[in-house]
């Protein structure tokens, strides 16, 4: 990913205080180059994502009412080219695998550091899968 390029991040979360904290972390992680839009439905992803290049959808899965795998499948079904970065509480590969099978491009555990966020967004936008080191093993 070009470090001078602006990034569009669509943050899909159902919990407003958490959304503010994640938005702040993502802004810090992207060195101020990210335009972050909060979205509240899969339809919003469809409407907004189709007009943006260099974008990623961050799914804050524990705070979305639908199941994690259902959410990923629904988003991928509607917008198959969308880059998806999932955040969830799972810390083992066994639990993360269904999300990968459903179509996420990257995965972060629930409280990622700005460094992890930056690495994950960069990897996903470059077409690579991202998993934290502790989940890779």
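Consider region 114-136. How many of its residues are touching a residue at least 24 places away in the same chain (Cβ under 8 Å), more than 14 Å from the chain's Cα centre (by Cα) and farther than 23 Å from residue 4 by Cβ? The total comes to 3. When the helices (runs of 4 or more DSSP H) confined to region 24-137 are screened for residues that are modelled with pLDDT under 90, those reaching at least 3 such residues are found at 42-49, 68-78, 133-136. Within region 92-103, the presence of a residue that is touching a helix residue (DSSP H, G or I) at 6+ places or on another chain (Cβ under 7 Å) and more than 20 Å from residue 131 (Cβ to Cβ) is excluded. Taking (1) touching a strand residue (DSSP E or B) at 6+ places or on another chain (Cβ under 8 Å); (2) under 21 Å from residue 14 (Cα atoms); (3) buried (at least 17 other Cβ atoms within 10 Å of the Cβ) in turn, residue 102 satisfies each apart from (1). Counting the residues of region 92-112 that are touching a residue at least 24 places away in the same chain (Cβ under 8 Å) and more than 25 Å from residue 79 (Cα to Cα) gives 3.
Selection of region 1-30 for residues being farther than 21 Å from residue 84 by Cβ and either touching a residue at least 60 places away in the same chain (Cβ under 8 Å) or in contact with a strand residue (DSSP E or B) (Cβ under 8 Å, 6 or more places away or on another chain) (or both) yields only 28. Applying a threshold of 8 Å to beta carbon distances and a minimum spacing of six or more residues, or different chains, the list of pairs starting in region 74-91 at a residue that is in contact (Cβ under 8 Å) with a residue 24 or more places away in the chain and ending at one that is surrounded by fewer than 13 Cβ atoms within 10 Å (Cβ to Cβ) reads 79/50; 91/134.
The values are calculated or read from the model by the stated rules, or taken from the named source; none is laboratory data. Not measured: the values here are computed from a predicted model. Every residue, glycine as well, gets a Cβ built from its backbone with ideal geometry; the counts of neighbours run over all protein chains shown.
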